[in-house]
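Trainee: Sharing a structure below in structure tokens format, with a few things to ask.
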Amino acid sequence: MKKLFKTALAATLSLALAISLAACTSGGRTEQPASPAASSTDSSNAAPDTSINANGFAADATIGVSLPWLGTQNWQEASDMFKNQLETAGFKAIIQAADNKVPQQQSQIESMIENGAKVIVVGPIDGSQLGTVLEKAKDAGIAVIGYDRLLENTTGVDGVVQFGSIETGRLQGQALLDGLAKVKGAGPYNIELFGGGPADPNAPNFFKGAMEILQPKIDDGALTVVSGQTDFTQCATLDWDNAKAQSRMDSILSGFYSDKEIHGVLSPNDGIARAIITASENAGQQIPVVSGLDAENESVEWVWSGRQYSTVAKPTDVLVAKTIEIIKSLQGGNGMPATDVKANNGKIDVNIYELPPVVVTKDNAKEIFANDPARMELLK
Ligand code: BGC
């Protein structure tokens, strides 16, 4: 028990360090919590919402956690950490992942309701497809917390815990620009753009944040998207499937780059970054500057060896710890903690508990992971 607590504490400290580092390296831009998707309201309005589970619930109650899939390291970590940390806190945990299949996720949530869960934590596959089942949870008096992704088009959500998704995209776009200047000499540069799974509400936000940084450089000719594919719909990767990204990259390289060098690629996460890099190597290109997300072990190694330029860390242990803090507040009858960040989900303004993501390159990796022994191990 103690060890787990220490790990969470170490991670929190590590995040604090990372945040202060990010503030130093990017003029303080990264620590701002609000994103265009989330509107900040006057913090004087922010009082805890005690209408949910006003009397609290038993300290050994059942808590459900419904995850979209286990296809990237962050979701596997979330599954393991929720189990450990909920049980350590004395709760009974039902943890399930739905293999990216919406009906499977709907029926897993149904069965959490039937099993008497007091809180259900949901990382949706498709942010807009859980409305009915979440309304049902709400009617049963169950608190619903969105995890890592927004829950859209439903009143059945009490709050969402996540890293700023527009800010994540901005960091990816900025890292791509910085990496091009550092690694590829003077421009102009040839680049391509990739987005994540279109059903995931984070994916368009990541892309939007990145384009805030990249579009002016495309407009002034510093960057050329040689394929001409610049809309999110053209660049998205169905189901965040690395193989689909790799085959899109193969086609782009054979169709547009037989006589050109590709200098950089915007990638929405680490799995897709590695697919893009592999496709580029297979096509005989110099490795382009590629962004990423998740600080997956394999990509941390690639960043360290110079094969992938950057990733973005959004530490799962910090996100899980924040979620459990909210569950404990509900358990004690203290309601949802106050927050002054809200996002409209199509039906209601949702409380957002937003944490700051941090960019990682070879230059700052040792500082960012100073309190993460597993990732420090990879920096050798
Ligand atoms: C998460 C990323 C993850 C992606 C694919 C996104 O919603 O924020 O961490 O890489 O889903 O699983």
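Trainee: Considering each of T323, T278 in turn, give the residue that is open to solvent by 10 Å² or more (accessible area, probe 1.4 Å), assigned to a helix (DSSP H, G or I) and at pLDDT 95 or above.
Mentor: Exactly one of T323, T278 is open to solvent by 10 Å² or more (accessible area, probe 1.4 Å), assigned to a helix (DSSP H, G or I) and at pLDDT 95 or above, namely T278.
Trainee: Within the range 347-366, work out how many residues are over 22 Å from G169 (Cα atoms) and either outside any loop (DSSP other than H, G, I, E, B) or not charged (D, E, K, R) (or both).
Mentor: Selection size over the range 347-366: 3.
Trainee: Moving on to the next point. Say whether the condition of being in contact with a Phe, Trp or Tyr (Cβ under 7 Å, 6 or more places away or on another chain), touching a residue at least 40 places away in the same chain (Cβ under 8 Å) and not assigned by TED's automatic domain parsing to the domain that holds G169 is met by at least one residue in the range 289-306.
Mentor: No: zero hits.
Trainee: So, one more: Hey, can you tell me all the residues within the range 114-149 that are more than 15 Å from the ligand (Cβ to nearest atom) and of a type in the set (A, V, I, L, M)?
Mentor: A117, V119, I120, V133, L134, A137, A140, I142, A143, V144, I145
Trainee: Considering only residues that are within 16 Å of the ligand (Cβ to nearest atom) and open to solvent by less than 30 Å² (accessible area, probe 1.4 Å), which ones fall in the range 71-96?
Mentor: The answer is T72, N74, W75, A78, S79, F82.
Trainee: Scan E192, E152, E167 and give me the residue that is buried (at least 18 other Cβ atoms within 10 Å of the Cβ) and part of a loop (DSSP other than H, G, I, E, B).
Mentor: E152
Trainee: Take the conditions open to solvent by less than 10 Å² (accessible area, probe 1.4 Å), assigned by TED's automatic domain parsing to the domain that holds R170 and within 16 Å of the ligand (Cβ to nearest atom) and apply them to I262. Does it pass?
Mentor: So I262 does not fit the description; no.
Trainee: Please state which of the following conditions F5 fails to meet, knowing it meets all the rest: (1) within 16 Å of the ligand (Cβ to nearest atom); (2) modelled with pLDDT under 50; (3) under 14 Å from A321 (Cβ atoms).
Mentor: The single condition F5 does not satisfy is (1).
Trainee: Here is a follow-up. Among the listed residues A283, A199, which satisfies the condition of being open to solvent by less than 50 Å² (accessible area, probe 1.4 Å) and either within 16 Å of the ligand (Cβ to nearest atom) or among the hydrophobic types (A, V, I, L, M, F, W, C) (or both)?
Mentor: A199 is the lone residue from the list that is open to solvent by less than 50 Å² (accessible area, probe 1.4 Å) and either within 16 Å of the ligand (Cβ to nearest atom) or among the hydrophobic types (A, V, I, L, M, F, W, C) (or both).
Trainee: Among (1) assigned to a helix (DSSP H, G or I); (2) surrounded by fewer than 24 Cβ atoms within 10 Å (Cβ to Cβ), there is one condition G228 misses while meeting the rest; what is its number?
Mentor: In the conditions (1) assigned to a helix (DSSP H, G or I); (2) surrounded by fewer than 24 Cβ atoms within 10 Å (Cβ to Cβ), G228 misses (1) alone.
Trainee: Quick one: in the range 102-149, of everything that is part of a loop (DSSP other than H, G, I, E, B) and acidic (D, E), which residue is most open to solvent (accessible area, probe 1.4 Å)?
Mentor: Once the filter is applied, the top-ranked residue is D126.
The values are calculated or read from the model by the stated rules, or taken from the named source; none is laboratory data. This is a predicted model, so every value here is computed, not measured. All Cβ positions, even for glycine, are placed from backbone atoms using ideal geometry, and neighbour counts span all protein chains on display. Heavy atoms of the whole protein, side chains included, go into the accessibility calculation; ligands, DNA and RNA do not. Shrake-Rupley method; radii C 1.70, N 1.55, O 1.52, S 1.80 Å.
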